[in-house]
Amino acid sequence: MILMEKKLALILGYRCNNNCRFCYCADKKDSGFLTTKRAKKELERGIKRGCTIADFSGGEPTLRKDLTELIFFAKKIGYKNIGITTNGRMMSYKKLTRRLTEAGMNSAVFSIHGHTPELHDFLTRVKGSYGQLKKGIDNLRNVSPGAYICTNTTINKYNYKYLPEIAENNIRLGAMGCEFIFVHPRGNALENFEEVVPKLTDLSHFIPKTLEIGEKNGIGHFRFRYLPLCYMTGHENSLSEAASFEILKEQHVGPDFKDLNVEKGRKLIGRIRGSVCKKCKVKEKCEGIFREYAERRGFGELKPVVR
């Protein structure tokens, strides 16, 4: 029997020390943050709802002076797995990394968008960000060898041709899990849509080649996210939202919203399927495509699975 786990993703605010070309929340960077008091209250509410996993994100959570305090509080009230989603730059300071792990952080998701410093820094628009990120990963591996390290890579027009190389590099850096996330056309990505949002058809060749890297290296959690299932034929269990919906329920809380059923919310608000999807055999597990993508490019790239 597989037990359902519940995860509370706490978005502490939208302030960030990067300015990624594709950032979905760049337009919110000055729109507020969770106070320490409210963040603790939301952590307590999460425990009462049965959450056992806490993830602190943003924006960039390591810019918060109270992050160590919040991690310690999460551990104290009963969260078993406590992590952050980060660009890794502040963790290049070893003292901070040690403080976070001593407080109770036992996992981290690092955002890596290129296999070279030049590509990553171009996308973050901060020179030296790749070097700081790499040092941050090294610091975590050194101060807490048992910590789980995962990577997020946002798929965009500048990096999709290099996804296999990015995968190999992420693993070399120490990733135990990898996710490749199709860019959400909001914020900077919506403003720069034609510049940064690739066509779905452009990815077809690179999806299987990238998945081969994970299989070759024995990486258990190695997935794509936010693609229609028709682009994952033969690799359906490698689509994060399709593979996880039966074992993990996510709850997202931020300064300006609360979504206690993320999977349902994406289907009702964030994603959309076209009339071409009606005859697709995998439509019940598929969330379709982002609404903003459909508004710009329609549904002509979808290819329903009929067998």
Inset, instruction - Could you grab me the full set of residues in segment 233-252 that are out of contact with any Lys or Arg (no Cβ under 8 Å at 6 or more places or on another chain) and at pLDDT 85 or above? - result: T233, G234, H235, N237
Legend entry - Where L123 falls short, out of the listed (1) farther than 24 Å from E69 by Cβ; (2) surrounded by fewer than 20 Cβ atoms within 10 Å (Cβ to Cβ); (3) of a type outside the set (F, W, Y); (4) out of contact with any helix residue (DSSP H, G or I) (no Cβ under 6 Å at 6 or more places or on another chain): (2)
Legend entry - Residues within segment 24-44 that are free of Cβ contacts under 8 Å to residues at least 12 places away in the same chain and either in a loop (DSSP other than H, G, I, E, B) or touching a Phe, Trp or Tyr at 6+ places or on another chain (Cβ under 6 Å) (or both), tallied: 1
Inset, instruction - For segment 30-52, state whether one or more residues are buried (at least 18 other Cβ atoms within 10 Å of the Cβ) and over 21 Å from D259 (Cα atoms). - result: no
Legend entry - Unmet requirement for I47, which otherwise passes all of (1) under 14 Å from V253 (Cα atoms); (2) part of a loop (DSSP other than H, G, I, E, B); (3) free of Cβ contacts under 8 Å to residues at least 60 places away in the same chain; (4) not acidic (D, E): (2)
Inset, instruction - Would you tally the residues in segment 256-286 being part of a strand (DSSP E or B) and of a type outside the set (V, I, T)? - result: 4
Inset, instruction - Of the conditions (1) of a type in the set (V, I, T); (2) assigned to a helix (DSSP H, G or I); (3) in contact with a Phe, Trp or Tyr (Cβ under 8 Å, 6 or more places away or on another chain), T68 clears all except one; give me its number. - result: (3)
Legend entry - Subset of segment 260-291 [buried (at least 18 other Cβ atoms within 10 Å of the Cβ), touching a helix residue (DSSP H, G or I) at 6+ places or on another chain (Cβ under 8 Å) and among the charged types (D, E, K, R)]: R271, E287
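The values are calculated or read from the model by the stated rules, or taken from the named source; none is laboratory data. Keep in mind it's a predicted model, so treat the numbers as computed, not measured. FYI the Cβ positions are ideal-geometry reconstructions off the backbone, even for glycines, and counts take in every protein chain you see.
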